[in-house]
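The values are calculated or read from the model by the stated rules, or taken from the named source; none is laboratory data. The shown structure was predicted, so the numbers you read here are calculated from the model rather than taken from an experiment. Heads up, the Cβs are rebuilt from the backbone with ideal geometry, glycines too, and the neighbour counts pull from every protein chain shown. Note: areas computed on protein heavy atoms with side chains; ligands, DNA, RNA excluded. Shrake-Rupley method; radii C 1.70, N 1.55, O 1.52, S 1.80 Å.
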Amino acid sequence: MTDKLVQPFSQKRTAELAESLSAGGTIKGRSLWADARNRFVANKAAMASVVVLLLVFAFSLLGDYLTQFDNETIDWDVMGSVKELGRPSLSNGHWFGFDESGRDLYSRVVQGSRISLSVGLVGAFIAVMVGTLYGSVAGFVGGRVDSIMMRLVDIFMSIPYMFVLILLLVVFGRSISMLFVGIGLTAWLDMSRIVRGQTLSLKNREYVEAAVAMGVSTPKIITRHIVPNLLGVVVVYATLLVPQMILTESFISFLGLGVQEPDTSWGALISEGVKSMNYGTLWHLAFPLFFFVITIFCFFFIGDGLRDALDPKDR
Amino acid sequence: MNDLSPLLSVDDLRVWFDIKRQGAMPWTPTDTLKAVDGVSFDLMPGETLGIVGESGCGKSTLARAVMRMVPAETGTALWLGEDLLSMSKREMRGHRKEMQMIFQDPLASLDPRMTIGQIVAEPLKTHFPDLSAKEVKNRVREVLDRVGILPNMVNRYPHEFSGGQCQRIGIARALIVKPKLIICDEPVSALDVSIQAQVINLLMEIQQEMGLSLIFIAHDLSVVKHISNRVMVLYLGNVVEISDSVQLYKSPGHPYTEALISAVPIPDPKAEKGKEVMLLDRDLPSPLDPPSGCVFRTRCPIAEARCAESKPPLKDQGNGQAVACHLR
């Protein structure tokens, strides 16, 4: 019994270790990223959210193949009496029922998910790229450049973004690409402020000073030393930015300014569901709302998990 | 050694910082903090110059100004006859491989997201971008081996090493481009005493092997005594004494040096008990408002009226000792 306790490694493992220590092999280190990954995987809520989110993504991409109905065909028989004939039903294949105009709601939700998710991801991506570069340059170069760049951000921020977005959509027409541009234009401002703050604290770290002393050029220092060390904060903020983008898009669509028929999104579907709530067709609201809510929850849980994993001191 | 021309010759270097007063309006004039105020010294090839002084006396700022990491107000720093302080950034970058730096906090000076192999290779890749990957790898292994880190550790990350090992990695990074000068900014202050000795001995061995010059900044006088050929004592950004290190410890010239040396603990309880420590009155004056004349006069036990009138120049006393005091 005791003999077993004294030997924590099997002989094979010991031999492996001995071999890797001998001059030939190199020992693999464990990076901070690997540490963070282990902590993230251990976080149950975050991992469950990842699974659910993957299912939502799969639903938006592959959902069309699971039904025989498309999102355009109108069932004229149902159209006038959706409340009686358009209920969700497993027997006729219209799992989510019909929408107000007699189209298959399941296909409509798949279509809406696709647009909402892509708005969220693309919007967040634009915001992260622009914000990170802008903020790290402003923070690292400092001085007058920093003042001018950040005052510009202040000015943009002082304009109510919803007003700008609505104005853009009204002036240039309501289209999805305009929505992308409008949301991307305003969302990077917060990002750049966060990144600038982080850069300022990284700038005076000794390893950055060491890089300056050894003659590494400024762009290389930013890309090699500043940005990788910022990435933790950026990743966390980006995961929280995606639901924010989805919310913004939904709000705009809810107002009727965003996605236009025949395209749709979660916000547009929810808006329609709310309008028809009085007629007793609650499923119009329930299905899109369900996907909307779980997606946003999942992103928040993942963001939370990432923050705990990447910065264990802050927990 | 004296017939050689100096490697680095710093003349009348001044580094001033503008400090905004709290709640000041944008147009009110800023206060000036004279961090380094007219420092001159020569560094010979292969020589070690120790720089000592209490916190905030401008030791690190002096080193950073020579490395062009903080802008100097006036003065020159001749590197083999060329002025480092007036050359363009591009020219300076070319010279950076000849002078490297080692930092105080060993872990903080290594990028936590890079493996030590990447960290040590970085200066090589910066200054010799044409080297093949294999050659870089060989050089990295060679230099790591030299500082006593097993070369099979190249894929490990800084947080997996102890403080002493991290400092060795820092030394390896400085050595890999075969510099002529290494500026050590308090390289052992953050380490245990036993590790300090190892790191210092390593530095001395490497210096002998490669014929390096060292500028060794510290506030621990016994460490400086061990490693330096000459010692420069700074007080409030001014040089109060530059002297041969044996001479300095045997008979300190300036009253401030005297006080510093009397405060060094002796590792023998009996001797320590009977030792007389020369305590200085009052606190260090604010560097924003230094005393007139001799900066040390407010705390000097032998100050006279003329000390307030003019700044004492650095006078060569012969025997390799130069002291800035009216009375010595």
**Asked** How do the helices (runs of 4 or more DSSP H) wholly within region B:214-289 filter down when requiring 2 or more residues that are of a type outside the set (Gly, Ala, Ser) and within 22 Å of B:Leu8 (Cα to Cα): which remain?
**Response** B:221-227
**Fill in**
Within region B:193-203, the residues that are in contact with a helix residue (DSSP H, G or I) (Cβ under 8 Å, 6 or more places away or on another chain) and surrounded by fewer than 15 Cβ atoms within 10 Å (Cβ to Cβ) are none
**Request:** Determine, yes or no, whether B:Ser222 is open to solvent by 10 Å² or more (accessible area, probe 1.4 Å) and free of Cβ contacts under 8 Å to residues at least 24 places away in the same chain.
**Result:** no
**Complete:** Subset of region B:169-192, residues open to solvent by 20 Å² or more (accessible area, probe 1.4 Å) and in contact with a His (Cβ under 9 Å, 6 or more places away or on another chain), comes to B:Ser189
**Prompt:** So which residues in region B:153-168 are within 11 Å of chain A (Cβ to nearest Cβ), open to solvent by 10 Å² or more (accessible area, probe 1.4 Å) and not hydroxyl-bearing (Ser, Thr, Tyr), if there are any at all?
**Reply:** B:Met153, B:Val154, B:Asn155, B:Arg156, B:His159, B:Glu160, B:Phe161
**Request:** Select from region B:169-185 the residues that are more than 10 Å from chain A (Cβ to nearest Cβ) and either acidic (Asp, Glu) or in a helix (DSSP H, G or I) (or both) and list them in ascending order.
**Result:** B:Ile169, B:Ile171, B:Ala172, B:Leu175
**Request:** Determine whether B:Lys225 is within 19 Å of the chain's Cα centre (by Cα) and of a type outside the set (Ser, Thr, Tyr).
**Result:** yes
**Request:** Sort out which residues of region B:123-149 are buried (at least 18 other Cβ atoms within 10 Å of the Cβ) and closer than 14 Å to B:Arg93 by Cα, and write them in order of number.
**Result:** B:Pro123, B:Leu124, B:Thr126, B:His127
**Prompt:** Pick from region A:181-235 the residues that are of a type in the set (S, T, N, Q) and more than 8 Å from chain B (Cβ to nearest Cβ): which of them is surrounded by the fewest Cβ atoms within 10 Å (Cβ to Cβ)?
**Reply:** A:Asn204
**Message:** Just to check your reading of the model, which residue among B:Ile206, B:Ile242, B:Ile261, B:Ile227 is among the aliphatic types (A, V, I, L, M), within 24 Å of B:Lys97 (Cβ to Cβ), out of contact with any helix residue (DSSP H, G or I) (no Cβ under 6 Å at 6 or more places or on another chain) and away from chain A (no Cβ under 14 Å)?
**Reply:** B:Ile206
**Prompt:** Mind checking which pairs have a first residue in region A:266-294 that is under 20 Å from A:Arg114 (Cα atoms) and a second that is open to solvent by 20 Å² or more (accessible area, probe 1.4 Å) and not in a helix (DSSP H, G or I), Cβ under 6 Å, 6 or more apart or different chains?
**Reply:** A:Trp283/A:Pro88; A:Phe287/A:Phe96
**Message:** assigned to a helix (DSSP H, G or I) and either within 10 Å of chain A (Cβ to nearest Cβ) or open to solvent by less than 30 Å² (accessible area, probe 1.4 Å) (or both): is that true of B:Leu107 in this structure?
**Reply:** no
**Item:** Those residues of region A:262-281 which are open to solvent by 10 Å² or more (accessible area, probe 1.4 Å), over 14 Å from A:Leu105 (Cβ atoms) and under 22 Å from the mean Cα position of the chain (by Cα), in sequence order
**Value:** A:Asp263
**Request:** Considering only residues that are within 24 Å of the chain's Cα centre (by Cα) and without any contact (Cβ under 8 Å) to a residue 12 or more places away in the chain, look in region A:130-161 and name the one that is most open to solvent (accessible area, probe 1.4 Å).
**Result:** A:Leu133
